[in-house]
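Colleague: Questions regarding the structure given below will be posed in turn.
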Amino acid sequence: MAKKEKTESAQELAKLGVVIVGHVDHGKSTLIGRLLYDTGSFMEGKYEELKEVCERRNVPFEWSFLLDAFQAERDQAVTIDTTQIWFKTKARSCVIIDAPGHREFLKNMVSGAAFADAAILVVDAKEGVREQTKRHAYLLHLLGLKQVIVVMNKMDLVSYSEERFNEVSAETEAYLGEIGLTPLHVIPVSARSGENIAAPSENMPWYMGGILLDVLDTLSPIPPATERPLRLPVQDVYRFDETRIIAGRIESGVVKAGDTLVFSPSNRQATVVSIEKWNSPGKIAAAGAGESIGLTLDQPIYVARGDVASHEKQAPMLTNIFRANIFWLGKKPLKAGLNYKIKLATHEATVTVQSIDRVINTDDLSRAERDSVQTNEMAEVTFRSRELLALDPYLENVKLGRCVVIENYDIVGGGIISMEGLPDLRQTMYAKQDNIYAVDHLLTGDARAARNGHTGAVVWLTGLSGAGKSTLAMRIENVLFNRGMQTYVLDGDNVRTGLCADLGFTPEARMENIRRVGEVAALMSNAGLITLTAFISPFQADRRKARDAAGTRFYEIYVKADLETCEKRDPKGLYKKARAGKIPEFTGISSPYEPPENPDLEVDTATHGVDACVEMVVNFILDRVRADANPANATQQIPPAKAKA
Amino acid sequence: MQDYLDELESQSIYTLREAYNRIKPLGMLWSIGKDSTALLWLIRKAFFGHVPFPMIQLDTGMELPEVYEFRDWIIKEWGFDFICEQCPPEEEMDQTLPPNTRAAARKTEGLKNLIGREGFKGMIVGIRRDEQSMRAKERVFSPRSFDGTWDYKDQPAEFWDQYKTEFPEGTHVRIHPILHWREIDIWRYTLRENIPIVPLYLARDGKRYRSLGEKNITVPVESNASTIEEIIAELETTKQSERAGRTMDSETEDSFERLRRSGYM
């Protein structure tokens, strides 16, 4: 094989992808036709062919026939699917992505726009901002497109009026501003007569800005995220011969031979022996974002498709709950409680829609609380998965911070991920020491139970702040104590000052707080005490961990009261502070609460009085802790120590 | 730092690895032309020198002799599984199609026979968006019903490199790993990587084949480009469409659409 030579032409700049979006009939296709015509990008005979087609069909000349390749599109003069077409500016090659403006084809609009580096939002100067103008703009925002140019088309129909231009500009910019987009330019044009596109318009001397073609050359392709922490989602593991190769594309960062990598979520580690590319001259020392590579490792650790390789210090978050800002393309509505498959980079997982937090009306940006999201709507949704997912918040890493939702065989939605108010499970998952060995007690639980007349237990009260957990716990403790039972309440006051004095109130610290309470409660239960805990403990995963720590005799009691009731009670004035924005991530207000799916007992303090609730819980406890306490075991023979040989 | 050819290559490798992981059994239509031979090269890149699924030629017996010669040489040189599928005769085609379109439709039928017999779930095809306006609307993973038809009015959503990779029984998927390449990119890459080509692409006596089809329905175009460098220089300025030498494209306004809808590549 001859030595590779970089040809001069291969130094061509990377292409710029520009998507043209906007309301139906605002002139997207005409604009594209004009751009191509004015830059001499038509193939020989194409213009004549189009004219001929129009004559044959007896319709006025339509630029859109250039792009609308399907007979059905030409028949109905409507763009059904997205298309891509190349042209050249002075500086570079561009791919123009035509996106259908019709609401029905939003799926196709997204499929086109997601490939773009920049967007041109076409607004009809006469009609102004319309429904799809807004919906498309909102989608650009969700797709992460920052380079947006507004083209105000059909200026000829408003007599090239500067006043009208300013009016519609203000309307457009106001909307874009609200969703966090700032257009780089607003250009008044007439696509039909080619004004301010490739040549300045004589009819709009008041316009001082650049023409569209020049403005396009100020944009640049989105660069690969080489500066971000390494993310290499595993695509496949090959064993074509004795060598095992981990294959994937680097989505961000840089990997070097000799680096130690951690694979999430398994947290297994190995060192990179070599970076592999076929037919590559010499050894590869490093590879960066955008490169499809192979890796060989020093350890035969288990690695599978979907794992994410990173450096240990800057690993992705691990979680089984996340929020997503989604656009929904499914024909059936998305509903709370339903299961879907998601794809997150190369990983697939089953998730449940835990809650639909808001449905966003793109028309006026109002938010509504609803239990379903209809076709073509945008919403904020909380998803929960059974397994741990390795991901990043979208703002920190685009490629690991977004997912698509699958129903049956189809992609029915996409979403960008937020982890605001949610903890990273990595820190506590793997902090465990390896060198601890269990030492068997000589005393058994039965012996303790026999002496106390009851077994130990963990009675875990969970519920919103103000639901009455502490009130109930203290009363229950009192009742049990007066019956001669061994009991103790763990609550924020006696835990936060000592055991957890080092913890703050970040999501991670809160999770650690609950973990410690769970472990301590388990020890106290083993020691024979009926241990009551009174913590909001909003996350199912945390409560599951507490249950795992306790092993047996863990009872989850859902102290239920609706948010309104709790807020009315507000015994510590916390809701008031939270509403005033003084407490960030307050459960129920700005941070989610996940009610137990199958609590061992549910008591509703909004509809029942304190005494009734106390009685319910006490009876529940008595039924469980007495059952197997046998007085015959009240003393126990200590088995003789084994004689050493 | 990657240059733009590296980026194109990396994206194609990503697509190929997705296809190989998600879709089984997989095959690739190798027309022996410049595009699908560059694609075959990309497959060797993606799978570290291996070609882990068969290359398939839909043979009408009408290719130019140089094409067959080149085919046999590459198979010997590179070594991979090869299936030569004989296409049914023209008399069995839909007689309402214009004559040259009818000749092209033989490949569609050959492909249907092959898929029906061998049960392929995925077929890799080396088409590009810039070739033709129907192909410009294609997806990277493009489902086909059992009889090969393309429901172009309701294509799956495809974004963020997430593809439709699951299908009900009876459907198969076309995978298009070089959809985003242009003709000039293929030539620049062929030059850079030193990928062998059928010599018919290079001009002799003022003519060369820009696009290789069967000898009965393809004609050479006027050109003096006798090296790949000269082809690239020619493409930088040409206004001729790549498929100008493919007679079936322009027989009627919708002849190519009818072909594609019913399963043509």
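Colleague: Filter the strands (runs of 3 or more DSSP E) completely within the stretch A:269-385 down to those with at least 3 residues that are among the small types (G, A, S).
Modeller: Where strands (runs of 3 or more DSSP E) fall fully within the stretch A:269-385 and carry at least 3 residues being among the small types (G, A, S), they are A:286-288.
Colleague: Something else now. Is it true that B:Y209 is touching a helix residue (DSSP H, G or I) at 6+ places or on another chain (Cβ under 9 Å), at pLDDT 90 or above and either open to solvent by 30 Å² or more (accessible area, probe 1.4 Å) or within 19 Å of B:E66 (Cα to Cα) (or both)?
Modeller: The answer is yes for B:Y209.
Colleague: Limited to the stretch B:178-191, what total is found for residues that are open to solvent by 20 Å² or more (accessible area, probe 1.4 Å) and farther than 16 Å from A:A14 by Cα?
Modeller: 1
Colleague: Does A:E348 satisfy the condition of being closer than 27 Å to A:D410 by Cα, acidic (D, E) and within 14 Å of another protein chain (Cβ to nearest Cβ)?
Modeller: Yes; evaluated as a whole, the condition is true for this residue.
Colleague: Oh, and also: Kindly evaluate B:K45 against the criterion of being within 14 Å of another protein chain (Cβ to nearest Cβ), outside any loop (DSSP other than H, G, I, E, B) and modelled with pLDDT of 95 or more.
Modeller: Judged against the criteria, B:K45 is a match.
Colleague: Same structure again: Can we say B:E158 is free of Cβ contacts under 8 Å to residues at least 60 places away in the same chain, open to solvent by 40 Å² or more (accessible area, probe 1.4 Å) and at the interface with chain A (Cβ under 9 Å from one of its Cβ atoms)?
Modeller: When the stated conditions are applied, B:E158 does not pass them.
Colleague: Identify, from the list A:A315, A:A336, the residue that is away from chain B (no Cβ under 14 Å) and either closer than 30 Å to A:R103 by Cβ or open to solvent by less than 10 Å² (accessible area, probe 1.4 Å) (or both).
Modeller: A:A336
Conditions tested, residue by residue: (1) in a loop (DSSP other than H, G, I, E, B); (2) of a type in the set (S, T, Y); (3) within 23 Å of A:S590 (Cβ to Cβ).
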site: A:V495; (1), (2), (3): no, no, no
site: A:G498; (1), (2), (3): yes, no, no
site: A:G504; (1), (2), (3): yes, no, yes
site: A:A521; (1), (2), (3): no, no, no
site: A:T533; (1), (2), (3): no, yes, no
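Colleague: Which condition breaks for B:E222 when tested against (1) within 13 Å of chain A (Cβ to nearest Cβ); (2) open to solvent by less than 50 Å² (accessible area, probe 1.4 Å)?
Modeller: Only one criterion in (1) within 13 Å of chain A (Cβ to nearest Cβ); (2) open to solvent by less than 50 Å² (accessible area, probe 1.4 Å) is unmet by B:E222, namely (2).
Colleague: Another one. Which residues, taken from the stretch A:233-268, are more than 10 Å from chain B (Cβ to nearest Cβ), within 23 Å of B:Y163 (Cα to Cα) and open to solvent by 10 Å² or more (accessible area, probe 1.4 Å)?
Modeller: Of everything in the stretch A:233-268, nothing turns out to be more than 10 Å from chain B (Cβ to nearest Cβ), within 23 Å of B:Y163 (Cα to Cα) and open to solvent by 10 Å² or more (accessible area, probe 1.4 Å).
Colleague: Within the set of pairs 6 or more residues apart or between chains, which connect a residue that is more than 7 Å from chain A (Cβ to nearest Cβ) and open to solvent by 30 Å² or more (accessible area, probe 1.4 Å) inside the stretch B:1-24 to a residue that is in a helix (DSSP H, G or I) and basic (K, R) with Cβ atoms less than 7 Å apart?
Modeller: Going by the 7 Å Cβ cut-off, there are no qualifying pairs.
Colleague: Which count do you get for residues in the stretch B:111-150 that are closer than 26 Å to A:V95 by Cβ and of a type in the set (S, T, N, Q)?
Modeller: Final tally of qualifying residues: 3.
Colleague: For the stretch A:299-358, which positions are charged (D, E, K, R) and under 25 Å from A:R249 (Cβ atoms)?
Modeller: Residues satisfying the conditions are A:R305, A:D307, A:E312, A:K313, A:K341, A:K343, A:E348.
Each row is one residue, and each column tells you yes or no for (1) among the small types (G, A, S); (2) at pLDDT 90 or above.
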position	(1), (2)
B:M28	no, yes
B:I32	no, yes
B:V67	no, yes
B:D72	no, yes
B:L97	no, no
B:A103	yes, no
B:E118	no, yes
B:R128	no, yes
B:K137	no, no
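Colleague: Also: So, A:S220, is that one on the phi < 0 side of the Ramachandran plot, open to solvent by 30 Å² or more (accessible area, probe 1.4 Å) and of a type in the set (S, T, N, Q) or not?
Modeller: When the stated conditions are applied, A:S220 passes them.
Colleague: Right, here's the next one. Mind listing whichever residues of the stretch A:37-63 are among the aromatic types (F, W, Y) and open to solvent by 60 Å² or more (accessible area, probe 1.4 Å)?
Modeller: Answer for the stretch A:37-63, where residues must be among the aromatic types (F, W, Y) and open to solvent by 60 Å² or more (accessible area, probe 1.4 Å): A:Y37, A:F61.
Colleague: Just a yes or no: is a residue in the stretch A:461-481 open to solvent by 30 Å² or more (accessible area, probe 1.4 Å), of a type in the set (K, R) and in contact with a Leu (Cβ under 9 Å, 6 or more places away or on another chain)?
Modeller: No, that holds for no residue.
Colleague: State yes or no: is A:V186 surrounded by fewer than 23 Cβ atoms within 10 Å (Cβ to Cβ), more than 23 Å from A:I80 (Cβ to Cβ) and under 25 Å from the mean Cα position of the chain (by Cα)?
Modeller: Here the answer is no, as A:V186 does not meet what is asked.
Condition check ((1) under 25 Å from A:S201 (Cβ atoms); (2) of a type in the set (A, V, I, L, M, F, W, C); (3) within 14 Å of chain B (Cβ to nearest Cβ)) across all residues:
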{"residue": "A:G112", "(1), (2), (3)": "no, no, yes"}
{"residue": "A:A116", "(1), (2), (3)": "no, yes, yes"}
{"residue": "A:V129", "(1), (2), (3)": "yes, yes, no"}
{"residue": "A:Q132", "(1), (2), (3)": "no, no, no"}
{"residue": "A:L142", "(1), (2), (3)": "no, yes, yes"}
{"residue": "A:D156", "(1), (2), (3)": "yes, no, no"}
{"residue": "A:E178", "(1), (2), (3)": "no, no, no"}
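Colleague: Moving on. Could you list all residues from the stretch A:204-217 that are surrounded by fewer than 16 Cβ atoms within 10 Å (Cβ to Cβ) and either within 14 Å of chain B (Cβ to nearest Cβ) or in contact with a helix residue (DSSP H, G or I) (Cβ under 9 Å, 6 or more places away or on another chain) (or both)?
Modeller: Across the stretch A:204-217, the qualifying residues are A:W206, A:G209.
Colleague: What is the number of the single condition among (1) in contact with a Ser or Thr (Cβ under 7 Å, 6 or more places away or on another chain); (2) aliphatic (A, V, I, L, M); (3) away from chain A (no Cβ under 14 Å) that B:V140 does not meet?
Modeller: Condition not satisfied by B:V140: (3).
Colleague: Let me ask something additional. May I ask you to list pairs of residues, at least six apart or on different chains, whose Cβ atoms are under 9 Å apart, with the first in the stretch A:193-210 being at positive phi and the second being of a type in the set (A, V, I, L, M) and part of a loop (DSSP other than H, G, I, E, B)?
Modeller: Filtered contacts from the stretch A:193-210: A:N196/A:V189; A:N196/A:M204; A:N196/A:I211.
Colleague: Show the residue pairs meeting these rules: Cβ distance below 8 Å; 6+ apart or different chains; first residue within the stretch A:23-45 and in contact (Cβ under 8 Å) with a residue 24 or more places away in the chain and among the acidic types (D, E); second residue open to solvent by 30 Å² or more (accessible area, probe 1.4 Å) and part of a loop (DSSP other than H, G, I, E, B).
Modeller: Final answer for the pair search is A:D38/A:A198; A:D38/A:A199.
The values are calculated or read from the model by the stated rules, or taken from the named source; none is laboratory data. In this text, all values refer to a predicted model and were calculated from it rather than measured experimentally. When we count neighbours, we look across all protein chains shown, and the Cβ atoms used for this are built from the backbone with ideal geometry, even at glycine. Side chains included, ligands, DNA and RNA excluded: accessible areas come from the protein's heavy atoms. Shrake-Rupley method; radii C 1.70, N 1.55, O 1.52, S 1.80 Å.
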